[in-house]
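Heads up: the structure comes next, in structure tokens.
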Amino acid sequence: MKKLFLLLLILVGVCFLFGIKEEKELRIRVISNSDSVMDQNYKKEVVSFLKTEVLDNIELTECYLKENYKNIEAVLRSEFNDIEVKFEKHTFKNKTYNNSAIKDGEYKTLLVYIGEAKGSNWWGSIF
């Protein structure tokens, strides 16, 4: 009986160490209209405003974002033109972030589209 308990304990520990866990991470992605210098600078302004004026003032949870992403869109639209905001699962490719490797996968994401959203993007993680 002790051997079975020890084996079960080891299996649970291995699962925990190797990432068999519930994904609770949220992402933010802001996609610029194009890759022109003007559009990339505009995107930086949107990101700065989003981080300091919007996201710092709210509780960043999946439930809040799911229920209030249109309010975030309204705030952004009050300051910027041609903005659309969605909250949905979005595919991310492998990425290195803060000295950590983040693997491919679908993550719950606050998406901010600027104009045609055909340019490079900014993204961040919320834990």
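None of the figures in this text is laboratory data; all of them are computed from the coordinates on show. Computed from a predicted model, the values in this text were never measured in an experiment. In this analysis, Cβ positions are derived from the backbone assuming ideal geometry, glycine residues included, and neighbour counts consider all displayed protein chains.
Observations on the model:
- In this structure the amide hydrogen of residue 109, modeled in the peptide plane, comes within under 5 Å of the amide hydrogens of 27, 88, 89, 90, none closer than 5 places in sequence on its chain.
- Full extension of the chain between residue 48 and residue 116 yields a length gain of 22.5 nm, computed as 0.36 nm times the residue separation minus the alpha carbon distance.
- For segment 38-127, a Kirkwood hydrodynamic radius built from all Cα pairs, placed in the Stokes-Einstein relation at 10 °C and 1.306 mPa s, yields a translational diffusion coefficient of 113 µm²/s.
- Counting charges near residue 54 (Lys, Arg +1; Asp, Glu -1) among other residues having Cβ under 11 Å from its Cβ returns a value of -3.
- Between amide H atoms placed 1.01 Å from N, distances below 5 Å from residue 117 occur with 33, all of them 5 or more places distant or on a separate chain.
- Net charge of the neighbourhood of residue 74, taken over other residues with C-beta under 15 Å away and scored Lys/Arg +1, Asp/Glu -1, is -3.
- Estimated FRET transfer efficiency (residue 104, residue 58; beta-carbon r; R0 25 Å; 0.05): 0.30
- Taking 7 Å steps out from each Cα toward its Cβ at residue 77 and residue 91 produces label points 2.9 nm apart.
- Remark: for residue pairs 43/103; 44/103; 70/93; 43/70; 44/66; 93/118, the C-alpha separation exceeds 22 Å in 43/103; 44/103; 70/93; 44/66.
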